[in-house]
């Protein structure tokens, strides 16, 4: 199996505070990785370094072998021009906690925008595909609606369809259900589970331990900017080796 | 559920409740002695549905009478005071000279607005740039042009054209400035447009910058995460959303620029206000001619306001679950309402019970 996402020695500080400390992580194609950890442990920051929404201070991030955000010149990494970074990002799906749909565009326009403007694909062709994607997330009848006319769960499903429309190599989910009312969490998790079944490579930052146990191939437990332990859910969630993991799971379960 | 218990209290016979056999706890003043109400309320003939009477506010009517009196006095004055000299107003209101001057005023407004907001957009982008030099230059421009009174700036441009001519730099309006009368007119107009546009740009820049800042950071981030090219992020994602907060301020600016063109009369440009002054200088009918200008300013400002309403509505797409009806739609709905009411007039009492 080839590593789709490959992080080596990723280090990042905000001011004097080190949020990521020498993180190594390798994610195989077609796997689902769930990142757990207490708030402030660096989960979201780690996720955001993968598509260079967060610049790193040291280390390297590769997606399908391509260095993300930088170009290596000898022993140094030079940050790429924004245009090149944007092109790299269009192969990496990202789903936000707050959905961040474009409120002035219809659901269909939200999904169609990036494939047309970032990947220069034909609008007519993308529209057909977008409608199919919306049907797949159960919103085939909402193409003409505006995001604010939808529930939170529906908006997040549109956001997932929007990420899928780019045919990404990997999709990153940043606490996709944290902004949802409890009764809407299930419909979003169901869509993510279906993607996992179809063999997409997913990285999910979440607090839903039950989801992690059910869907994840690998659970990564992060604390204080370091990976405390990682492994299959039966190991990390049911038989955690580390006291900090146990303490965290006791609090959330 | 206080309302439920209130209803219960007025009911002399409560339906048997399963808890009625339980010992009733000691009741305070605010607890009815009747057993706790079950969750379903069975309609009862003994509990009539009470009609609601809105609160009356007699002082409002005193206020209405007072203000109404003042309005009546003002309208009466407009109609009867011979000083307004309505016949003269009527004679000059739509004369060719006035209409042509109005055209010049509109031309100045349009050119000032278009050039001003185009430069303002560039300045706003500079102020939001990550480059400190560009930020500083834009800041200094805005600082300078907001500090100089428009009238001073206009006179300055009027004279700098003359200055440029002496140092033999080809300026579009420079050479014509000092020559014959018709060209003179063109040169002054150029100076006026330039002055208005540069002045406007400083304000437009701040309005556009404020609008861009009002758009949630998550929008830029999402566009960026999707790989949407930078310029497209601005034109497709950020600016259309920024328009919602830009538009009311921009409309204010356009309207104040429109009226501000009257300042250009210091450059002897035959715009509306200057032309009216010329006419009353000849026939000394000051008040009716000022009224001519006033009414035209009001008419065009009204048109701009109506335009503003519809443009704002356009950019409000998706901001609410459904857009409120336009005044025209509301009027039509009300007419339709009157019609239905009229046809249902006979069934009225029945409706009131429901």
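Bear in mind that the values in this text are calculations on the coordinates, not laboratory data. Remember, it's a predicted structure, so these values are computed and weren't measured experimentally. Positions of Cβ are generated from backbone atoms using ideal geometry, with glycine treated the same way; all protein chains shown enter the neighbour counts.
Taking every residue in A:77-88, how many Cβ atoms of other protein chains lie within 10 Å of its Cβ, on average?
Values: counts 0, 0, 0, 0, 0, 3, 3, 0, 2, 10, 2, 1.
Average neighbour count from other chains, rounded to a whole number: 2.
Sorted fewest first by neighbouring Cβ atoms within 10 angstrom, B:243, B:73 come out as B:73, B:243.
As a proxy for reagent exposure, A:157, B:220 were ordered by neighbouring Cβ count within 10 angstrom, fewest first; the result is B:220, A:157.
When only alpha carbons are used to place a centre, segment B:134-153 and segment A:202-253 end up 57 Å from one another. Length gained on full extension, residue A:197 to residue A:78: 39.0 nm, using 0.36 nm per residue less the C-alpha separation.
Within the listed set A:159, A:130, A:243, the residue fluctuating most in the Gaussian network model of chain A (springs between alpha-carbon atoms under 10 angstrom) is A:243.
Can you give the FRET efficiency for residue A:66 and residue B:334, using 1/(1 + (r/R0)^6), R0 = 56 Å, r = Cβ-Cβ distance, to the nearest 0.05? Can you show the working numbers first?
Values: r = 63 Å, r/R0 = 1.12.
So, using R0 = 56 Å, E works out to roughly 0.35.
Would the protein assembly as shown count as rounded, prolate or oblate if I go by the C-alpha gyration tensor, calling it rounded below 1.5 in a/c and otherwise prolate when a/b exceeds b/c, oblate otherwise?
Working: a/c = 2.79, a/b = 1.26, b/c = 2.21.
Oblate.
Measuring between their Cα centroids, segment A:161-177 and segment B:49-89 lie 62 Å from each other. Relative contact order of chain A: 25 percent, from C-alpha pairs under 8 Å at least 6 residues apart in sequence.
Given the options A:183, A:127, A:208, state which has the largest fluctuation in a GNM of chain A using a 10 Å cut-off (strictly under) for Cα springs. Among A:183, A:127, A:208, the largest mean-square fluctuation in the Gaussian network model of chain A belongs to A:183.
Rounded, prolate or oblate: pick one for segment A:1-100, where a ≥ b ≥ c are the square roots of the eigenvalues of its C-alpha gyration tensor, a/c under 1.5 means rounded, and failing that, prolate if a/b is larger than b/c, else oblate.
Values: a/c = 1.30, a/b = 1.10, b/c = 1.18.
Rounded.
Which of rounded, prolate or oblate describes chain A when judged by the alpha-carbon gyration tensor and an a/c cut-off of 1.5? In terms of gyration-tensor shape, oblate. Note on the protein assembly as shown: helix-only mean residue ellipticity at 222 nm, from DSSP H runs of 4+ residues weighted -39500 (n - 2.57) and normalised by residue number, equals -17500 deg cm²/dmol.
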